[in-house]
Structure formats: C-alpha cells, structure tokens
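Here's the structure, in structure tokens; my notes come after.
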Amino acid sequence: MNLWRTKIFAKLILSSLPFDYRLWSKIGLFRHGAMDDYSYAWSVLKTHASVLKKNSNWKGLELGPGDGLLSAFLSPAVGSTGLTLVDAGNFAHKDWNLYEKQITQFLYANPSLVVADFSKSRDIEGVLQSVNSSYYTHGLDSLRLQTKNSFDLIYSQAVFEHIRVHEFKETMTECYQLLKINGIMSHVVDFKDHLGGKLNNMRFSSALWEKEWFAQNSGFYTNRIRLSEMVSICEKIGFIVEIRDRRCWDSLPIKRNKLAAEFKNILVKDLLVSSVHLVMTRT
C-alpha cells in the first residue's frame, strides 16, 4: 500500500477513537501547526505584519492559530493593539507555564523588543485580556460575532487550504466585511496535499472527499481549491488580490489520468502551484 494511502487509512481510524485532541497532540498526531513555538510564531507574525503600511496601532485577526496562542502574546512587539484569534476548534494549549517559558526565550533572543507585563495574571483568559486579545473556537460562527469594519489586518499561515469548501466563499465575505476600508488580508497558502506533499488529494471525488466522516477531524482534509479559483472568488467579493512568492513544482507530482474526473480539466499552471502568499486589500 502506498504511504499516502496508509496515512489516510490510519488517520481515519485514529480520528474515530474517543480520545481528546490533547492526547493526539502530545504524541505528535493531528497537530495544528507550530504556533506554540516562539521562533515560528514570531516569524509568521512578522511576515504578515510587514504587509501593513503602518507599524503601530493596528488591530488584527488571525485565522487558525492552531496549537498555540503565542501570536497574541508577541503581537505588541510588532505594534498591534490587540489580536483576535479564531479557529475551528479548541486546539490551543492552555498551560500558561508553557507560554511563559517560550516568551522568556523570545525576549532573551530579542532583547530590544518589548511585550506586555504578564505578571498580574496566571490564567490564559487573564493574560489574553492583558494584551487586548481574545480566542474563539467556532470557525465561521465566531467570525460572525466580530465587529464589522474593525480590523486592519486578517492573516493566516497554511490555513486557507483547510477551510471547508462549502464555507470558503462565506468565510471570505465575512473577512471582507470585518476589515476596515483599505484593510489587508495576508495568507500563506499551501496547495500540497497533507499526505506527503504532493497532489494525491486530487484523486478523490468530492462526493467522497467532502463527506463528514472523511473530512471532519481527519487531519488531512484540504479544500483543493486551486489558485486561480481562489483568486477569482476573492476578487468577486471585492478584494484587490496580489500574488507574492508563488512556488511551483518543476513537473506535476501526479499523472493527469490519476486525477478525479472533476479535476482533469484544471490548467497545468494551476496544478503546478505548490504554495503562494496572497495579499488582498479591501477596496
């Protein structure tokens, strides 16, 4: 059996077991990114904050912080006045001791930077409040709770591709409405499958791939929306879209005859794109 097939089979079985996400995370399965590591979280935060035309007094929203809330705790160092974190589930660590250790390492590595005074609280909610930040865990429903026209920046790192295909357009519409006029979205998108870094996810029909038992909590779901379609959706909503750092395979990592019928007519140039940085402005 191919490795990618083995991964699907194993993850489908494991995700059906009645264990909490924390257990899988501790043993390295079903992890949601590396935002619980200060060096990675800081790199991501700097990358996305750099698209703004101002370097202070901005309000941001992060889609999909995954396993960590470090971006909120580090955000004052890039001029943020508050960060709203929205995810599709309650994945983030809640042990403040883990974050405190990471922040100490961050300040040691970056002695000229300043973060908030966290000494007055030891619980996550209190610490988030100290940096004017909040954490929501109900995906699109959580976005609907936010104040319209209130954010300067909405960003994500390898999250766009995980938004369920039937929620993608509405999620983009909500983000458009949440941004201030001339507000910016910044998203690094990974178009590779999450089964080995190729395009084996394109072998499956939507009838199977989008089934709840197949997609929900499986750890390998991606929406399979290609770059040109993604850009088209966002432009129709009203965004001005800039494509940065487009990375492509030299040749297709899958034979075209192995693609599901609904994907066989996708242009080769779209299939070759493995990742991209999208910067989108609300007009």
Which pairs have Cβ atoms under 6 Å, sit 6 or more apart or on different chains, and link a residue in segment 168-185 that is without any contact (Cβ under 8 Å) to a residue 40 or more places away in the chain and within 11 Å of Thr147 (Cα to Cα) to one that is part of a helix (DSSP H, G or I) and of a type in the set (A, V, I, L, M)? Glu174/Leu143
Answer yes or no as to whether Gly60 is modelled with pLDDT under 85, surrounded by 13 or more Cβ atoms within 10 Å (Cβ to Cβ), closer than 20 Å to Leu278 by Cα and among the small types (Gly, Ala, Ser). no
A careful count of residues in segment 101-121 that are modelled with pLDDT of 90 or more and touching a Phe, Trp or Tyr at 6+ places or on another chain (Cβ under 7 Å) gives 4
Considering only residues of segment 1-55 that are out of contact with any strand residue (DSSP E or B) (no Cβ under 8 Å at 6 or more places or on another chain) and of a type in the set (Val, Ile, Thr), which is modelled with the lowest pLDDT? Ile27
Where in segment 181-283 are there helices (runs of 4 or more DSSP H), lying fully within it, with 1 or more residues that are modelled with pLDDT under 95? 206-209, 212-215
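Conditions tested, residue by residue: (1) over 20 Å from the mean Cα position of the chain (by Cα); (2) among the hydroxyl-bearing types (Ser, Thr, Tyr); (3) within 25 Å of Gly139 (Cα to Cα).
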{"site": "Leu179", "(1), (2), (3)": "no, no, yes"}
{"site": "Ile184", "(1), (2), (3)": "no, no, yes"}
{"site": "Glu229", "(1), (2), (3)": "no, no, yes"}
{"site": "Lys258", "(1), (2), (3)": "yes, no, no"}
{"site": "Lys269", "(1), (2), (3)": "yes, no, no"}
{"site": "Ser275", "(1), (2), (3)": "no, yes, yes"}
Select from segment 257-283 the residues that are charged (D, E, K, R) and in contact with a Leu (Cβ under 8 Å, 6 or more places away or on another chain) and write down the one among them that is surrounded by the most Cβ atoms within 10 Å (Cβ to Cβ). Arg282
Residues being outside any helix (DSSP H, G or I) and over 16 Å from Trp96 (Cβ atoms): count how many of those fall in segment 66-80. 3
So in segment 92-129, with the set limited to residues that are surrounded by 16 or more Cβ atoms within 10 Å (Cβ to Cβ) and not aliphatic (A, V, I, L, M), which one is nearest to Thr81 (Cα to Cα)? Phe118
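The values are calculated or read from the model by the stated rules, or taken from the named source; none is laboratory data. Small disclaimer: the values here were computed from a predicted structure and weren't measured. All Cβ positions, even for glycine, are placed from backbone atoms using ideal geometry, and neighbour counts span all protein chains on display.
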